[in-house]
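S.K.: One structure, as structure tokens, below. Some questions next.
The values are calculated or read from the model by the stated rules, or taken from the named source; none is laboratory data. Small disclaimer: the values here were computed from a predicted structure and weren't measured. Virtual Cβ from ideal backbone geometry, glycine too; neighbours counted across all protein chains shown. Accessible surface is based on the protein model in full, side chains and every heavy atom, while ligands, DNA and RNA are left aside. Shrake-Rupley method; radii C 1.70, N 1.55, O 1.52, S 1.80 Å.
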Amino acid sequence: MIDVRELQKTYGGNLVLDLPELKIPAGQSFGLVGNNGAGKTTFFSLLLDLVEPTQGEITNGGEKIQKNDQWKAHTAAYIDQDFLIGYLTPEEYFELIAQLRQVDLESLQSWLQGFESFFKGEILGRKRYIRDLSKGNQKKVGLIACLIGAPKVVVLDEPFANLDPSSQIQLKDLLKNLSEQTQTTLLISSHDLNHITEVCERIVLLDHGTVQQDLMTTPETLKTLETYFTSISKD
Amino acid sequence: MSLFFRLMWKSFFRAPQWETKLVVRILIGFFGLYMFVSFLFLGVGMYFILEEQFPDQSPMASIQPWLLSYFTTEFLIRYFLQQMPATQLQTYLLMPIKRSKIIRQLLVRSTLSFYNSTPWIIGIPFLVVLSYKEGFQWGFVAWWIGILSVILSINLLNFMVNRSNRHFWIFVGVAALSSGLSYLQIFELDAWVGKAFERLLEHPWEVGIYLLVLALVYQSTYTYLRGQIYLDKGLKKRDYMVQNLDLPFLNRFGKLSIFLRNDIRLIVRNVRTRQVSFMSVMFLFYGLIFGTQEVYLEMPAVLVFGGLFVSGGFLMTFGQNIPAWDSEYYPLLMSQNLSYREYLLSKWWLMVVVTAASAVVAFPYLWLSTQMYAIILAGAVFNMGVGSLLNLYSGVYNQTRMPLNVKAKAFENTKAFSLVQFVFVIPKILVPMGLFYAGYRLISFEAGLAVLAGTGILGFVFREPLLNALAKLFMQQKYKALAAFRKQ
């Protein structure tokens, strides 16, 4: 589904991301871990064509992402608050995204019903603007909006951050179901090694812009990652 | 102190594109100087203007009935434009400074605002000229102190009024009622206020009442803020009542309705955009400056200058900040499967409709002179056809993140404008003036209008290819805009 070739990004002469080759097959749940500055968000931004690569290219669904916009129809992302429109209510925001993704509003309404327990009654029908919601609730709005219209590729940067413990558990189940039942290609990054090893079938560990480990998740993966991060913190 | 200076120095020279910023700062400096000098001239010249306009009254007597209108206008301008420094309070709460001291400092600091400067730069020159012409009286000083007290009271009251829309609407209601009653000559509040101030000339000691009122307002603002300076009270973000804006009539625009609806919500629900709407209403009156002067009626090209602003206030203030209005969520838009052409077309419609509406609402200019209104209409056609596209074009280069729900500081709107924006004044204003002038000089007044409006119609004719070219340009500027719009 996603195919990265010779991708490099430099900022002011500093190489911040260097991915000679990375293939993510359709339906894979792909996890990205690494310390701050490892290049996770840069990679996602490149993948969404929000940042121009210094070199190399990415294809999504067979199309070069810089060439045309076809891939946007089947790709959705939530990177940070800049993906929310603060002056809309959650309902209005969901409707806007649904309209842009050609989902009719009636099926949107019934689809949203399925997230009631995740929203805990704090999102829908509260007559509040998104900018007045708490950080955690804003995140929920962004995450769920991402799933509108059943996109084939979903990109989430730090989906677990800011969520309360029970919402984190619900989200974990939600994401697991998503990749198991709908064959969605899921790309997530997280600082929480526990969560990400539970959700993803494959983990890529980035450090200073390069791939240090590329693992298919096994019961030992968490241990491997913990050992790695302990060792680099001692250097 | 020197540390603070060093930090400022660094922040300036380490900022991206500081060279252009320096030029822009200098331009803004000149603009500020220009404002200062014009106010000063107004102050000096006021005596003579009043003398000429109201020959049968003394200038001091003729100014009194206008004071209430002045205070009201000032209040409105403050409500929409003045930024209250209250937001910076949070930082100090945990520092070992007494709360009462924090508030006192806040109140004193607010009086140093640009918005309180008129008594100083207009009032004092006026009184100097007055004293020179009519001899000095202590009453003048009392009168000036009286006005200063009122202005400072308004400044303080703004702390309370700013926190709730209800206060504002009560104020608007009272103002409308009193101007209605005054118009019908039932109860003339403006005359009463004028008389109260006139009394100060004869009885300077009555200024004590004004000072007392100021002291009371200060004390009550202080008490109010003292109770508010907690995280769960005044410093809490306000929860706004949600306005329902489903706007079902937009559905007839098809896919375009998605963007139109969002743009209308953008304008209605954000402080910064409401400020722009207020400015565009103010621009409706801009033509009065030119239309009321005999001199300008002989120079219709100058009237075109005023006329372009009457219909184009919204066009210019809103238009030049496209796509910066969407900067807070630009990455969202850029990762959606949307057509740039539709995005731009929606903004285009918005500008065209508001410009047309402004031209219609400006019909009272007919009473001023038919010529003036004809110029406004022709200017509106130019603005709709050509100005709308020009503004979209210049907006591409305006790459500054625009926080939507924060009021701009005085002159901050000018800060957002880059050197490129400045250059764009030529096609937006000077070219239409030239077009009109060419037709007017060579053939007739009507021909001038026809040339102006005709150019506008050309803009409509070539809208499709031009809009497509613009969409391409927006695409090319995408990465730059995204990087510039990111939160710093």
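S.K.: Of A:TYR93, A:TYR87, A:TYR11, which residue is facing chain B (nearest Cβ under 9 Å) and free of Cβ contacts under 8 Å to residues at least 60 places away in the same chain?
M.R.: Result: A:TYR87 is the single residue among A:TYR93, A:TYR87, A:TYR11 that is facing chain B (nearest Cβ under 9 Å) and free of Cβ contacts under 8 Å to residues at least 60 places away in the same chain.
S.K.: When A:GLY114 is evaluated against the numbered criteria (1) open to solvent by less than 70 Å² (accessible area, probe 1.4 Å); (2) on the phi > 0 side of the Ramachandran plot, which criterion, by number, is the only one it fails?
M.R.: (2)
S.K.: Does B:ALA416 meet the test of being touching a helix residue (DSSP H, G or I) at 6+ places or on another chain (Cβ under 8 Å), at pLDDT below 90 and either open to solvent by 30 Å² or more (accessible area, probe 1.4 Å) or more than 14 Å from chain A (Cβ to nearest Cβ) (or both)? Please lay out each step first, then the result.
M.R.: On the way: touching a helix residue (DSSP H, G or I) at 6+ places or on another chain (Cβ under 8 Å): yes; at pLDDT below 90: yes; either open to solvent by 30 Å² or more (accessible area, probe 1.4 Å) or more than 14 Å from chain A (Cβ to nearest Cβ) (or both): yes.
Yes; evaluated as a whole, the condition is true for this residue.
S.K.: State whether the residues of region A:130-144 include one that is among the acidic types (Asp, Glu) and either open to solvent by less than 50 Å² (accessible area, probe 1.4 Å) or touching a residue at least 12 places away in the same chain (Cβ under 8 Å) (or both). I'd like the intermediate steps shown before the answer.
M.R.: From region A:130-144, those among the acidic types (Asp, Glu) are A:132; that's our starting set.
Then drop every residue that is not either open to solvent by less than 50 Å² (accessible area, probe 1.4 Å) or touching a residue at least 12 places away in the same chain (Cβ under 8 Å) (or both), which leaves A:132.
Yes, region A:130-144 contains a residue that is among the acidic types (Asp, Glu) and either open to solvent by less than 50 Å² (accessible area, probe 1.4 Å) or touching a residue at least 12 places away in the same chain (Cβ under 8 Å) (or both).
S.K.: Going by what's in this entry, would A:LYS127 be described as surrounded by fewer than 22 Cβ atoms within 10 Å (Cβ to Cβ) and within 10 Å of chain B (Cβ to nearest Cβ)?
M.R.: yes
S.K.: Only residues that are in contact (Cβ under 8 Å) with a residue 60 or more places away in the chain and not in a helix (DSSP H, G or I): list them for region A:170-191, please.
M.R.: Within region A:170-191, A:GLN183, A:THR184, A:THR185, A:LEU186, A:LEU187, A:ILE188, A:SER189, A:SER190, A:HIS191 meet the criteria.
S.K.: Still on this structure: I'd like to check which helices (runs of 4 or more DSSP H) are fully inside region B:100-197 and have at least 2 residues that are open to solvent by less than 30 Å² (accessible area, probe 1.4 Å) and aromatic (Phe, Trp, Tyr).
M.R.: Values: elements: B:124-134, B:138-161, B:165-183.
In region B:100-197, the matching helices (runs of 4 or more DSSP H) lie at B:138-161.
S.K.: Shifting gears a bit: Could you check region B:361-404 and list, in sequence order, the residues that are part of a loop (DSSP other than H, G, I, E, B) and within 11 Å of B:ALA324 (Cα to Cα)? Step through it out loud before you land on a result.
M.R.: Applying the first criterion (part of a loop (DSSP other than H, G, I, E, B)) to region B:361-404 yields B:362-364, B:369, B:396-404.
Residues satisfying the conditions are B:VAL396, B:TYR397, B:ASN398, B:GLN399, B:THR400, B:ARG401, B:MET402, B:PRO403, B:LEU404.
S.K.: Select from region A:36-57 the residues that are of a type in the set (A, V, I, L, M) and within 14 Å of chain B (Cβ to nearest Cβ) and write down the one among them that is surrounded by the fewest Cβ atoms within 10 Å (Cβ to Cβ).
M.R.: So, considering only residues that are of a type in the set (A, V, I, L, M) and within 14 Å of chain B (Cβ to nearest Cβ), the one surrounded by the fewest Cβ atoms within 10 Å (Cβ to Cβ) is A:VAL51.
S.K.: While we're looking at this one, here's another question. Of the residues in region B:33-83, how many are small (Gly, Ala, Ser) and farther than 19 Å from B:TRP144 by Cβ? Can you show your working first?
M.R.: First pass over region B:33-83, keeping only residues small (Gly, Ala, Ser): B:38, B:43, B:45, B:58, B:61-62, B:69.
In the following step, the residues that additionally are farther than 19 Å from B:TRP144 by Cβ were identified as B:38.
The total comes to 1.
S.K.: If only one of A:THR197, A:THR224 is assigned to a helix (DSSP H, G or I), touching a strand residue (DSSP E or B) at 6+ places or on another chain (Cβ under 9 Å), modelled with pLDDT of 90 or more and under 23 Å from A:GLY27 (Cβ atoms), which one is it?
M.R.: Working: A:THR224 fails: under 23 Å from A:GLY27 (Cβ atoms).
Answer to the check: A:THR197.
S.K.: Looking at A:VAL211, A:VAL141, A:VAL155, which one is touching a helix residue (DSSP H, G or I) at 6+ places or on another chain (Cβ under 6 Å) and within 23 Å of A:ALA26 (Cα to Cα)? Break it down stepwise before answering.
M.R.: Working: A:VAL211 fails: touching a helix residue (DSSP H, G or I) at 6+ places or on another chain (Cβ under 6 Å); A:VAL141 fails: within 23 Å of A:ALA26 (Cα to Cα).
The unique qualifying residue is A:VAL155.
S.K.: Output the residues belonging to region B:57-67 that are open to solvent by 40 Å² or more (accessible area, probe 1.4 Å) and not hydroxyl-bearing (Ser, Thr, Tyr).
M.R.: So in region B:57-67, the residues open to solvent by 40 Å² or more (accessible area, probe 1.4 Å) come out as B:57-58, B:65-66.
Selection gives B:GLN57, B:PRO65, B:TRP66.
S.K.: Please work out which one of (1) of a type in the set (D, E, K, R); (2) more than 24 Å from A:ASP3 (Cα to Cα); (3) touching a helix residue (DSSP H, G or I) at 6+ places or on another chain (Cβ under 9 Å) is the condition A:GLU220 fails and give its number.
M.R.: Going through (1) of a type in the set (D, E, K, R); (2) more than 24 Å from A:ASP3 (Cα to Cα); (3) touching a helix residue (DSSP H, G or I) at 6+ places or on another chain (Cβ under 9 Å) one by one, A:GLU220 breaks only (3).
S.K.: Checking the condition in contact with a Leu (Cβ under 9 Å, 6 or more places away or on another chain) and at pLDDT 85 or above, which residue from B:SER178, B:SER149 passes? Full working, then the answer.
M.R.: On the way: B:SER178 fails: at pLDDT 85 or above.
Result: B:SER149 is the single residue among B:SER178, B:SER149 that is in contact with a Leu (Cβ under 9 Å, 6 or more places away or on another chain) and at pLDDT 85 or above.
S.K.: Restricting to region B:445-488, give me the number of residues that are at pLDDT 90 or above, open to solvent by 60 Å² or more (accessible area, probe 1.4 Å) and in contact with a Pro (Cβ under 9 Å, 6 or more places away or on another chain).
M.R.: Of the residues in region B:445-488, 0 are at pLDDT 90 or above, open to solvent by 60 Å² or more (accessible area, probe 1.4 Å) and in contact with a Pro (Cβ under 9 Å, 6 or more places away or on another chain).
S.K.: Scanning for something open to solvent by 10 Å² or more (accessible area, probe 1.4 Å), within 14 Å of chain A (Cβ to nearest Cβ) and either among the β-branched types (Val, Ile, Thr) or in contact with a Lys or Arg (Cβ under 8 Å, 6 or more places away or on another chain) (or both), does region B:341-357 turn up at least one residue?
M.R.: Within region B:341-357 (the criterion being open to solvent by 10 Å² or more (accessible area, probe 1.4 Å), within 14 Å of chain A (Cβ to nearest Cβ) and either among the β-branched types (Val, Ile, Thr) or in contact with a Lys or Arg (Cβ under 8 Å, 6 or more places away or on another chain) (or both)), the answer is yes, since at least one residue qualifies.
S.K.: Under the condition of being open to solvent by less than 10 Å² (accessible area, probe 1.4 Å) and not in a helix (DSSP H, G or I), which residue from region B:322-339 is nearest to the other protein chains (Cβ to nearest Cβ)?
M.R.: B:PRO323
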